[in-house]
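Undergrad: Sharing a structure, written as C-alpha cells. Questions coming.
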Amino acid sequence: MSNKNSNNKELIVAKIDNGVVIDHITPPGRAFYALKVLKIDEKYPHSAFVALNVPSKKLGRKDVLKIRNIDEKDLNIEVLGLIISGSNVAYIKDYHIVKKEKIITPKKATGILNCPSSTCITNQREDVETQFVVITSKDVIKLRCEYCDIIFNIHERISLLR
Ligand SMILES: [Zn+2]
C-alpha cells in the first residue's frame, strides 16, 4: 500500500527499450548542454525525453535525459565529463540496464575542443594539438589552455567542443 502511494508520487517518464538514460544531471539545466554536445535535436531520428528540474532526495533538483537508440560510440564520455560531470549513464537493452557508468570530470582535455584565443599556437598550426587543464570549483568547470594560458568557463564556450 505505502509502496503504491510512493510510486504514485513519482514523476513518470516513459521507460525506454533501447538507448541510454543519463540521470543525476546537476545543476538543473545542464541537460540542454548535454543534448547540444550529443547533437540531439529535432533531426535526431528517434525519441529523446528531457526531464528538467526533477525533485531528487539526494540532489535537490536534477535533470534526466533518456535517448532512444543512441549508439554507445556517439557518447563521448570525456566530453560529457566537462559538461555533466557527476551524472550517471545507464545503457539500456530490451528495457534492461546492461551497463552503468559514472561521468567524472577529466583532469585534462586533449584534442577535444578548440582554444578560444585566435592567436593561440593551436589555432595557428595544425600540427599542435590543443591541451587544456581542467579547473573545477563546485559546479563551475573552467579550462586553462596549456599553450596560451587563457582560462574560460566551458559552459559559456560550448561551441569550442569539436
Ligand atoms: Zn590557447
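Undergrad: Given the conditions (1) within 12 Å of the ligand (Cβ to nearest atom); (2) not in a strand (DSSP E or B), which single one is not true for F152?
TA: Condition (2) is where F152 drops out.
Undergrad: Conditions first: (1) under 30 Å from D127 (Cα atoms); (2) surrounded by fewer than 19 Cβ atoms within 10 Å (Cβ to Cβ); (3) not small (G, A, S). E101 passes all but one, so which condition is the exception?
TA: (1)
Undergrad: Let me ask another. Being surrounded by 14 or more Cβ atoms within 10 Å (Cβ to Cβ), under 22 Å from I158 (Cβ atoms) and touching a Cys at 6+ places or on another chain (Cβ under 8 Å), is that true of even one residue in the stretch 43-59?
TA: Scanning the stretch 43-59, I find no residue that is surrounded by 14 or more Cβ atoms within 10 Å (Cβ to Cβ), under 22 Å from I158 (Cβ atoms) and touching a Cys at 6+ places or on another chain (Cβ under 8 Å), so the answer is no.
Undergrad: If you take the residues in the stretch 125-147 that are near the ligand (Cβ under 10 Å from one of its atoms) and not in a strand (DSSP E or B), which one is farthest from L59 (Cα to Cα)?
TA: The first filter runs over the stretch 125-147 and keeps only residues near the ligand (Cβ under 10 Å from one of its atoms), leaving 128, 130-132, 143-147.
From what is left, the residues that are not in a strand (DSSP E or B) are 128, 130, 146-147.
Numbers: V128: 41, T130: 34, E146: 34, Y147: 37 Å.
The residue in question is V128.
Undergrad: Next question, about the same structure. Any chance the stretch 115-122 includes a residue that's among the β-branched types (V, I, T) and within 16 Å of the chain's Cα centre (by Cα)? Spell out how you get there, then give the answer.
TA: Kept after step one, since they are among the β-branched types (V, I, T), are these residues of the stretch 115-122: 119, 121-122.
Add one more test, that the residue is within 16 Å of the chain's Cα centre (by Cα), and what stays is none.
No; the residues of the stretch 115-122 include none that is among the β-branched types (V, I, T) and within 16 Å of the chain's Cα centre (by Cα).
Undergrad: Filtering the stretch 98-119 down to residues that are under 17 Å from R162 (Cα atoms) and not small (G, A, S), which residue is farthest from the ligand (Cβ to nearest atom)? Reasoning before the result, please.
TA: Narrowing the stretch 98-119 to residues under 17 Å from R162 (Cα atoms): 106, 108-118.
Next, only the ones that are not small (G, A, S) stay: 106, 108, 110, 112-116.
Details: P106: 17, K108: 14, T110: 13, I112: 14, L113: 11, N114: 9, C115: 3, P116: 7 Å.
Top of the filtered list is P106.
Read the figures in this text as sums done on the coordinates, not as results from a lab. Just so it is clear, the structure is predicted and the values come from calculations on it, not from any experiment. We place every Cβ from the backbone using ideal geometry, glycine too, and count neighbours over all the protein chains shown.
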